[in-house]
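Just so you know, all these numbers are worked out from the coordinates, no wet-lab data involved. The structure displayed is predicted, hence computed values, not measured ones. Cβ coordinates were reconstructed from backbone atoms using ideal geometry, including for glycine residues, and neighbour counts include every protein chain displayed.
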Amino acid sequence: MSQSLFPGSSGAKRALDPRAYAPQPRRSSKARRQELEVKLAALQQDYAELHTAIFEAAQVHRRLCAPRLVRHGNFEIASEIFAVRHLPGDFFTAEETNDGVVLALGDICGKGLAAGMWTAHLVGLVGAHTTKTSAPEAIIAGVNRDICAMTSVVPLASMFLLKLDPGTGFVEYSSAGHPPALLLRANGKLESLSEGGLLLGVLSDAAYVGGSFKLGAGDVLMIYSDGITESLNHAGEEFGYARLEQQLRRAQTAPADTTVSADTMLFSVLGAVQDFAATRSLIDDMSLVIVRQDGC
């Protein structure tokens with residue numbers, strides 16, 4: 001039977017009990033302030049831990065990449081990466097093989113932590129395929145197949161990869177949708193290196209072709225990410241290819257009886273980009289690599 005509705009029943013007493021509607025005591029302003037201070041302290045602790053984690057991730061990224069200055073035989077290789085946010089989506093690696101050294105500059109599409117987290121995976125793929133073959137187009141094709149085979153979200157990335165024989169200066173290369181590298185000869189002739197194929201992660205069966213050249217005394221090879229050419233000044237102008245080529249020529253020029261190292265040229269070009277942008281913030285990660293014979 002249902003519960004009694006008469007006033008004398010216990011159910012009615014519970015429903016009409018005035019204590020159920022009694023106002024709750026108000027907290028004092030001091031208590032509320034203490035509660036807010038506790039919450040603020042917890043947020044500050046979370047921020048500090050997140051900042052530490054991001055810093056540690058950036059250090060891991062640095063260790064995954066090649067040292068900033070590397071020498072192989074008579075060749076000097078200088079590199080630098082600047083992140084637009086906490087963790088760069090660009091990477092640069094140098095893997096020694098039986099017949100030379102394989103260099104790879106990659107640029108994950110996107111910025112920040114998501115792009116930065118993909119770099120570790122791509123660096124691993126490059127290293128894995130370099131142990132199987134040293135042919136640049138074959139390495140890139142293998143990396144592309146592995147990326148496209150992923151069942152999760154597939155990252156898009158560009159990459160310029162080359163194999164340098166330090167004994168002869170002979171270079172083989174291939175590009176996966178990456179900005180053309182620039183080869184400035186000692187005689188002033190400028191060559192654009194763009195042989196390759198599609199971005200990584202577009203088509204699993206994409207074909208890649210390779211090119212080759214010899215890097216001789218006084219020649220300079222510059223590899224870069226599009227963050228360099230797309231840097232903006234306060235007028236909204238891009239640094240662009242023309243300024244990059246002009247600055248490369250300036251950096252190559254040295255006074256009589258002196259030499260310009262790869263490291264000096266690297267910072268000459270980067271300094272020009274930073275002067276152009278002035279105080280305007282970066283809009284994309286910037287990477288730059290200079291390869292030349294040491295002492296030439």
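Summary table
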quantity	calculated
Summed residue charge, Cβ within 11 Å of Phe170's Cβ, Lys/Arg positive, Asp/Glu negative	-1
Per-residue ³J(HN,Hα) for segment 136-149, Karplus 6.51 cos²θ - 1.76 cosθ + 1.60, θ = phi - 60°, Hz, x for Gly and Pro	x, 5, 6, 4, 5, 4, x, 4, 5, 4, 5, 5, 5, 7
Gyration tensor over alpha-carbon atoms, segment 57-167, equivalent ellipsoid semi-axes in Å	23, 18, 10
Cα gyration tensor, segment 136-194 - rounded (a/c under 1.5), prolate or oblate	oblate
Shape of segment 149-260, Cα gyration tensor, a/c cut at 1.5	oblate
Part-to-part distance (alpha-carbon centres) for segment 61-101 and segment 115-149, which is given in Å	15
Cross-link partners of Lys214 among lysines (Cα-Cα below 23 Å; sequence separation of 8 or more within a chain)	Lys163, Lys189
Chain lengthening between Leu203 and Lys132 when straightened (0.36 nm per residue, less Cα-Cα)	23.4 nm
Rg/Rg_globular for segment 102-161, with Rg_globular taken as 2.2 N^0.38 Å and Rg from C-alpha atoms	1.07
Around Trp118: net Lys/Arg minus Asp/Glu count, Cβ-Cβ under 15 Å	-2
Within-12-Å neighbourhood charge of Ser134 [Cβ basis; K, R +1; D, E -1]	-4
Using θ = phi - 60° and Karplus 6.51 cos²θ - 1.76 cosθ + 1.60, couplings along segment 224-235 (whole Hz; Gly, Pro as x)	8, 9, 5, x, 5, 6, 8, 4, 10, 9, 5, 8
Distance (nanometres) between label positions extended 7 Å along Cα→Cβ at Val153 and Ala242	3.8
Arg32 versus Arg280: modelled label distance in nm, points set 7 Å from Cα along the beta carbon direction	4.7
Relative intensity, log₁₀ I(q)/I(0), of segment 85-125 from a Debye sum that treats every alpha carbon as a point, q = 0.18 Å⁻¹	-0.50
Cβ-derived FRET efficiency at R0 51 Å, Leu43 paired with Ser212, nearest 0.05	0.35
Contact order normalised by residue count of segment 143-296, Cα under 8 Å, 6+ apart, percent	22
Phi-based couplings in Hz for segment 157-171 (Karplus 6.51, -1.76, 1.60; Gly and Pro marked x)	8, 9, 7, 10, 10, 9, 10, 10, 9, x, x, 10, x, 6, 10
Segments 164-170, 115-121 sorted - mean Cβ within 10 Å per residue, highest first	115-121, 164-170
